[in-house]
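*Asks:* I'd like to ask you about the structure that follows.
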Amino acid sequence: MFARVLISLDDDLLSQDYPRNADETADACRVKDAMRAQCVPQIARHWHDAAATLGAADPPTAAVALDAARRCISWIDVALVANDVFVPLLFDIALSPASAAPLAAAAVGCLSAVAAKRMDARAKVALLRSLLSAQQGLGSPDSGLKMASLVTTYAVEALACYRKLGPSDADGAAALEMLEEVLPAVFSAAESCYEEDVDSGSVLEFLAGYVSTMKAPSEKQLGHLGRILEVVRQQMTYDPVYRVHLDVLDKIGKEEEDMMAEQRKDLVALFRNICRVAPAATQQFIKGLIVTALSSAEATVEDVEVTLTLLYRLGEAVSEEEIRTGSGLLGELVPMLLSARFSCHSHRLVALVYLETVTRYIKFMQENVQYVPHLLAAFLDERGIHHQNSHVSRRAGYLFMKAVKLLKAKLVPYLDTILQSLEDVLGQFTSMDWANKEAKLSSSEDGSQIFEAVGLLIGIEEVSPEKQVQCLTALLNPLCHQIESLVMGAKAQGLEESSPRATSLLQIVVALNMVTKGFNERLVMISRPTIGVMLKKTLDVVLQLLVSFPNARPLRSKVISFLHRMIEILGISVLPCIPIALRQLLVHNEAKDMVDFLVLVNQIICKFNSSASGILEDVFPTIASRLSVILSQDAFSTGPAGNTEEMRELQELQRTLYTFLHGMVTHDLSAVLLAPTCRQYLETIMQLLLFTSCSHKDILLRKACVQIFVKLIKDWCTTSKADDKLPGFRVFMIEKFATGCCLYSVLDKSFDLRDANTLVVFGEIVMAQKVMYERFGEDFIVNFVAKALPEAHCPPELAEQYYQKLQGNDIKAFRSFYQSLIEKIRQQQNGSLVFR
């Protein structure tokens, strides 16, 4: 009962493990002071007597008494417990086979509290020395198993003393000696981290701190690092009970994989630190693991996986130059890795980490080309692309593509070998067995990286033109024939989006797109035009899909992606194909479809500039008529209803439209807007631009619209009103834009001049006024200075200063003045000016 009273007192008042307010903290201090003055020595003797007399007769009661002692040690005189009588008793209880587990744990808890007692570093060294004297075997592995928390706490405290006092201090050196004496027990505790009474987090924290103190490890310390590496390996190893779950990656396997990824974070950090201070020892350790895994037919999935994972992490810790030159043992480790065939290679975990590790060391082949065949074998045989697990084979395709990007020309001599190895994989895309294809390639992207890798290889300039044509013919012709066959069948039977036939068409278009990533415009249009002709014919075949299936949206998306790529590499030769494609893409368009369409048109504008004027004149009326309805000012809700998916699509379409218009005017295509077929939509477009430039909540859209207006002024207006290309535009800009955007929109309190993006827009508005003054002259002055500014309650003297600054050549001075003018007008109105 007395022990329970002390424990309750600790929980309710004394313990600092719980949050306390100021009054509670003051109460706790008074109680502790009174107890220290009156009864703590008697209580300490009581704890000793309870442990000594009840340890055998009534272990639970003795355990409760020691638990009460553990809680109080932090604030009592430690000598009441850390003495020649109490400490040996605690060690006897902790280590005696006859002690009940709860009692032994309570004794270890008291000893740990003694070791953790806060005090001066030199006093702590003396305390730690006394504990070591009381139990000479404290550093033994058996102590690590039976007193894990004590040896860990002891090591942490000894390390803290060493760090504080330093190696040159006698007590600091003594602290390091005591630390290293208990390390075997710490390692034993760490290796039993799955035991409930071992705090693996504390052990890892100590080990990380210990490694961080090393600069040039001694032989003895290198031995300790070897033990730490073994601890890391052990704690990074999966439990065999999850082997099947991790292979099929079901729910249980996924949870275990996620838990291990989280658990490994601190372990990986510790491993990297060891790599830093002892790279040779780390590499030797990993070499031993690999040799063991390769020489044993009984090597488990878990052991091989952790071995490869550590080799992968080693690749993160060393420099790229070290990998390239194979410094240290890397010159042995990488060839061993490339030729490795583990008995458990069929397991998903082993296969994946093997491929990732091979990829990590690819740069080794840049200097050691003799190993390129081994690298290719690792990717192309049953360890990689031909692995029985589809997830592994897909990942292998992606990693192989990365390898091709990095090695490029060094793979050219092996082009035939690569294509021969991939023949069956590439052939899946030309198979007529649609149902089987759907089972093997469940999405349009599956396996596409292999085509990208092949395209990158074929597109290397070191490949002869004849070889390029031969390889491309072998790739493109079957795919194009397959498209034609599928289209004929679909026309007769119809095409459902989820059907195997539709999936096949998607996969083929994606494959074609990936192949072309290896080519550029200079190669296909200048150096080797025959390839350009082949790609142009392929584009003609693919574009037939738009004509045959205009409503198949997933397919249309892939065709658009392919068209993007062809515009990029075929250049001006693709222009004749574009009008038909654009007309087909405008069939049955929704907001999301129009975004994709406008992005395509933007690319055409940026690529071809004024050469695209005819195409734009053809499609602009349809674009404008549709968007003027979809993007009317009333189409946008400002309340909660504005946060729907449909509304977000409309907002995205609006942003894309302004990008499209901005692209037109900045690529010398503003004349398209004046074409007879387009002019009828100008009023709607101008009003939309005006509304956005004045009041849109997206400040960057306002900037784009102001820039569009400025460019239109420069393109359509001169200093002579008679030469204006669009009658009425000058008046619109002076009366609507200048007043609404350049004055009243910036006077509105929502226009925050402290915001960086807003200041950028303000700079564009200032520039717009300069351009209007240069082109419109007195017409602008009469309306803006003599009319608009006075109506906004601008004092006459400020309006006169505005006119003087406007006439000057210093744009920065004019901008600064106009900002101060706006702020002064705002102050006069006290924020009450209503935006017009």
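The values are calculated or read from the model by the stated rules, or taken from the named source; none is laboratory data. This one's a predicted model, so the numbers in the text were calculated from it and none came from an experiment. Heads up, the Cβs are rebuilt from the backbone with ideal geometry, glycines too, and the neighbour counts pull from every protein chain shown. To get the accessible areas, we keep the full protein, side chains included, count just its heavy atoms, and leave off ligands, DNA and RNA. Shrake-Rupley method; radii C 1.70, N 1.55, O 1.52, S 1.80 Å.
*Asks:* Kindly provide the set of residues from region 698-755 that are outside any helix (DSSP H, G or I) and in contact with a Cys (Cβ under 6 Å, 6 or more places away or on another chain), ordered by number. Talk me through it step by step, then tell me what you get.
*Replies:* Residues of region 698-755 that are outside any helix (DSSP H, G or I), as a first pass: 698, 717-720, 724-728, 748-755.
The one that is outside any helix (DSSP H, G or I) and in contact with a Cys (Cβ under 6 Å, 6 or more places away or on another chain): 724.
*Asks:* How many of the residues making up region 9-25 are part of a helix (DSSP H, G or I) and open to solvent by less than 40 Å² (accessible area, probe 1.4 Å)? Step through it out loud before you land on a result.
*Replies:* Going residue by residue through region 9-25, those that are part of a helix (DSSP H, G or I) are 9-14, 22-25.
Still in the list and also open to solvent by less than 40 Å² (accessible area, probe 1.4 Å): 10, 13-14.
Matching residues across region 9-25 total 3.
*Asks:* Just to be sure, is residue 385 within 27 Å of the chain's Cα centre (by Cα) and touching a residue at least 40 places away in the same chain (Cβ under 8 Å)?
*Replies:* Details: within 27 Å of the chain's Cα centre (by Cα): yes; touching a residue at least 40 places away in the same chain (Cβ under 8 Å): yes.
Yes, satisfied.
*Asks:* Which residues, counting only those in region 735-767, are surrounded by fewer than 20 Cβ atoms within 10 Å (Cβ to Cβ), of a type in the set (A, V, I, L, M) and touching a residue at least 24 places away in the same chain (Cβ under 8 Å)?
*Replies:* Passing the criteria: 753, 760, 767.
*Asks:* Let me ask something else about it. Does residue 150 satisfy being closer than 15 Å to residue 112 by Cβ, among the aliphatic types (A, V, I, L, M) and either touching a residue at least 40 places away in the same chain (Cβ under 8 Å) or open to solvent by 10 Å² or more (accessible area, probe 1.4 Å) (or both)? Step through it out loud before you land on a result.
*Replies:* On the way: closer than 15 Å to residue 112 by Cβ: yes; among the aliphatic types (A, V, I, L, M): yes; either touching a residue at least 40 places away in the same chain (Cβ under 8 Å) or open to solvent by 10 Å² or more (accessible area, probe 1.4 Å) (or both): yes.
So residue 150 passes the test.
*Asks:* While we're here: Tell me whether region 227-235 contains one or more residues that are open to solvent by 60 Å² or more (accessible area, probe 1.4 Å), over 20 Å from residue 156 (Cα atoms), in contact with a Ser or Thr (Cβ under 9 Å, 6 or more places away or on another chain) and at pLDDT 90 or above. Step through it out loud before you land on a result.
*Replies:* Within region 227-235, the subset open to solvent by 60 Å² or more (accessible area, probe 1.4 Å) is 227.
Next, only the ones that are over 20 Å from residue 156 (Cα atoms) stay: none.
No, that holds for no residue.
*Asks:* Next question. I'm trying to understand the selection: among the residues of region 577-590, which are part of a helix (DSSP H, G or I), more than 30 Å from residue 527 (Cα to Cα) and open to solvent by 30 Å² or more (accessible area, probe 1.4 Å)?
*Replies:* From region 577-590, those part of a helix (DSSP H, G or I) are 577-585; that's our starting set.
Filter again for more than 30 Å from residue 527 (Cα to Cα), leaving 583-585.
Within region 577-590, 583, 584 meet the criteria.
*Asks:* Here is a follow-up. Kindly provide the set of residues from region 408-450 that are surrounded by 13 or more Cβ atoms within 10 Å (Cβ to Cβ), assigned to a helix (DSSP H, G or I) and at pLDDT below 85, ordered by number.
*Replies:* 425, 426, 428, 429, 430, 434, 437, 438, 440, 448, listed by residue number.
*Asks:* If you don't mind, another one. Residues that are open to solvent by 20 Å² or more (accessible area, probe 1.4 Å), within 20 Å of residue 2 (Cβ to Cβ) and in contact with a Cys (Cβ under 8 Å, 6 or more places away or on another chain): does region 60-80 have at least one?
*Replies:* Looking for residues that are open to solvent by 20 Å² or more (accessible area, probe 1.4 Å), within 20 Å of residue 2 (Cβ to Cβ) and in contact with a Cys (Cβ under 8 Å, 6 or more places away or on another chain), one finds at least one in region 60-80, hence yes.
*Asks:* Could you check region 114-128 and list, in sequence order, the residues that are open to solvent by 20 Å² or more (accessible area, probe 1.4 Å), among the hydrophobic types (A, V, I, L, M, F, W, C) and in a helix (DSSP H, G or I)? Step through it out loud before you land on a result.
*Replies:* Keep residues of region 114-128 that are open to solvent by 20 Å² or more (accessible area, probe 1.4 Å), which gives 116-120, 122-123, 126.
Now drop any that are not among the hydrophobic types (A, V, I, L, M, F, W, C), which leaves 116, 119, 123, 126.
Passing the criteria: 116, 123, 126.
*Asks:* List the number of the failed condition for residue 551; all other conditions in (1) loosely packed, with under 15 Cβ neighbours inside 10 Å; (2) in a helix (DSSP H, G or I) hold.
*Replies:* (2)
*Asks:* Consider residue 250 against the criteria (1) modelled with pLDDT of 90 or more; (2) open to solvent by 60 Å² or more (accessible area, probe 1.4 Å): it satisfies all of them except one. Which criterion is unmet?
*Replies:* Residue 250 satisfies every listed condition except (2).
*Asks:* Restricting attention to region 265-288, which residues are in a helix (DSSP H, G or I) and open to solvent by less than 30 Å² (accessible area, probe 1.4 Å)? Before the answer, list the steps.
*Replies:* Step one: list which residues in region 265-288 are in a helix (DSSP H, G or I), which gives 265-277, 279-288.
Within region 265-288, 267, 268, 270, 271, 274, 275, 277, 282, 283, 286 meet the criteria.
Conditions (1) buried (at least 21 other Cβ atoms within 10 Å of the Cβ); (2) without any contact (Cβ under 8 Å) to a residue 12 or more places away in the chain; (3) within 34 Å of the chain's Cα centre (by Cα); (4) on the phi < 0 side of the Ramachandran plot, marked per residue:
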position: 543; (1), (2), (3), (4): no, no, no, yes
position: 563; (1), (2), (3), (4): yes, no, yes, yes
position: 575; (1), (2), (3), (4): no, no, no, yes
position: 592; (1), (2), (3), (4): no, no, yes, yes
position: 596; (1), (2), (3), (4): no, no, yes, yes
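*Asks:* Only one of these is in contact (Cβ under 8 Å) with a residue 24 or more places away in the chain, under 23 Å from residue 300 (Cα atoms) and buried (at least 21 other Cβ atoms within 10 Å of the Cβ): 355, 376. Name it.
*Replies:* Working: 376 fails: under 23 Å from residue 300 (Cα atoms).
Checking each option against the conditions leaves just 355.
*Asks:* Would you check which residues across region 651-677 are surrounded by fewer than 19 Cβ atoms within 10 Å (Cβ to Cβ) and in contact with a Phe, Trp or Tyr (Cβ under 8 Å, 6 or more places away or on another chain) and list them?
*Replies:* If the condition is that a residue be surrounded by fewer than 19 Cβ atoms within 10 Å (Cβ to Cβ) and in contact with a Phe, Trp or Tyr (Cβ under 8 Å, 6 or more places away or on another chain), then 651, 674, 675, 677 are the ones that fit.
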